[in-house]
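A short write-up of the structure that comes next.
Rule-based calculations on the coordinates, nothing more; no lab input. Worth saying up front: this structure is predicted, and the values here are computed from it rather than measured. Cβ placement follows ideal geometry from the backbone for every residue including glycine, while neighbour counts extend to all protein chains displayed.
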Amino acid sequence: MAPRDTYSEAISKLNSLESNSQVRQRFIKDGANFEGLIPQMREWCRECGYNMTDIDRLNAIHISGSKGKGSTSAFIFSILSQYLNLNGKRQEDEQMTKLGLYTSPHLHTIRERIRLRTTAEELFSSTVISEELFGRYYLQVWESLQMEKKSRLERPSFFKFVTLTALHTFLQEGVDTAIVEVGVGGEYDSTNVLHRPSVCAITSLGLDHTDVLGKTIEEIAWHKSGILKEGCPAYTVEQSPDIMVALRRRAAERNVCLQVISRHPDIDIMPLGLAGDFQKINASLAIAVAADHLRQMGYLDVPHDIMDAPLPEKFRRGLSDASWPGRCETRWKNGVAWCLDGAHTVESIQLVGAWFASKIQQDSLAERILIFNQQTRDAVKLLHDLRQAICTSTGSQSNWKPFSHIFFCTNIAWSKDKTFGSEQMSMMDSGKPVGDLQIQHRLAEFWKSMPGERDSEVTVVRTVEEAINSTRRLFSETRNKGTPQLSLITGSLHLVGSASEVLGSSNEPLV
């Protein structure tokens, strides 16, 4: 079978599995046997030919949290890449030769969730595994689990199967360090099959996935800290007092020394590859985690007091070279600054509001347009908090209009496509119909109900392409006036993925 045919078959089989939203809906309706989830993952690993000692060979770095876990993982991935195939002072002869990165969700293709890196010079975009590798390893896992003999409920769900594919890929490809981001929670997440991780880290916590993890911050913290393992170094960032109490209690139960990281003193005087002031604490956490891991791997030149000492050049380079598309990303096209962020929680949308406000403050005369969607969460609250964060961060009154035009659309990229493509099927979380645009019309009505927005230019369109083309037309009408133009696209990582596709990959130089 040709590689492309193998890949197409893998995607077809992937889309036949129970989706994340279907799993959550079933859990909510029927209850969940959470206690059996990790033992089941171990059994599936055994069916694939791996025991826990094999999994330990990955020297995994395990990252949980509510916001910033993907960015922190990207920072670590970039820092560690600076040490690949270099003459670090090892206690053994072999070097760290190949890194793996497992994250979720994805912007364009499922393959983005599984990345491999062998040199620091590789562009982040080139670390995505090939169609050939994904197809081969996915189908190998499918056959090992004898999926055709299993009923739908006996099969691993979408996320669990992709996790198994990632682990299989890393082990087959000889990865000697894998950075693994938790999907949902931690305690019962499929990634918690990791038996003896090298380092664990918990990023900033907030209320997320409350339908599964619980309604209180203490319940959320309990789940997120479920990745802590006895004998494994653990790090977190400064959290609110109630969260810290919950985390320290959990760490004590598991005999873990949980270290709390503050912003590194060098962070404010050096460039970071990821935009946004909030990335500074993520970068600081990444420094502590990467340093601990490197010392465990035998790189003796990494200082133990790294959080108080000047950063080594390799760390600086790693932080400045880090890339994480779709998060506080600015693309320049025909003089328009397209600001993209896949924020989809209350905490993250507030940070995006502050980030976009900083753009406004750089040029208060800029014409501004919003493109927004969120299909599965409390979209109205997210929209409210986004607007409030922009007003607060710019010091504006609540009846100030942060945007001249607002577009609400679905996550569907192209107008010519009436259905989602095979890869986009895996990006549909809610399972709710989008054809009637009920959510978008509800958001439009809500926006007009906010102070000062009754006569605002609010438009509902079906696709991201329509929203972007409408924005381009509006901007073209004022371009001759020399007015700076900003467009914020946010509310869903899937929306940002589609927007990125419509905008294209090229980026004008910033002058």
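A compact table of results
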{"read-out": "Aspartates and glutamates with Cα under 12 Å of Lys381, excluding same-chain neighbours fewer than 8 positions away", "value": "Glu347"}
{"read-out": "Cross-link pairs Lys67/Lys314; Lys67/Lys98; Lys359/Lys481; Lys150/Lys215; Lys69/Lys224 - those with Cα-Cα distance over 23 Å", "value": "Lys67/Lys314; Lys67/Lys98; Lys150/Lys215"}
{"read-out": "Relative contact order of the stretch 260-336, pairs being alpha-carbon contacts under 8 Å that are 6 or more residues apart, as %", "value": "41 percent"}
{"read-out": "Under Karplus coefficients 6.51, -1.76 and 1.60, residue-wise ³J(HN,Hα) of the stretch 213-219 in Hz, glycine/proline x", "value": "8, x, 8, 10, 5, 5, 5"}
{"read-out": "Percent of C-alpha pairs per 5 Å bin, the stretch 227-323, short to long", "value": "2, 12, 22, 21, 19, 13, 9, 2"}
{"read-out": "Per-residue HN-Hα couplings for the stretch 294-301 [Karplus 6.51, -1.76, 1.60; θ = phi - 60°; Hz; x = Gly/Pro]", "value": "4, 5, 5, 7, x, 7, 6, 7"}
{"read-out": "GluC sites (Glu not before Pro) lying in DSSP loop within the stretch 125-184, provided at most 16 other Cβ fall within 10 Å", "value": "Glu154, Glu173"}
{"read-out": "Nearest 10 degrees, 0 to 90: helix 3-14 Cα axis against the chain principal axis", "value": "80 degrees"}
{"read-out": "Cα-based helix-to-principal-axis angle, 438-449 vs the chain, degrees rounded to 10", "value": "60 degrees"}
{"read-out": "Dipole moment magnitude, nearest 20 debye, the stretch 3-321 about Cα centre, only Lys, Arg, Asp, Glu C-beta charged", "value": "460 debye"}
{"read-out": "Amide H contacts of Ala178 (H built 1.01 Å from N, under 5 Å, at least 5 apart or other chain)", "value": "Ala60, Ile61, Gly100"}
{"read-out": "Mean separation of Cα contacts under 8 Å, 6 or more apart, over the residue count of the chain: relative contact order %", "value": "18 percent"}
{"read-out": "Pairs of alpha carbons in the chain whose separation is greater than 35 Å (percent)", "value": "33 percent"}
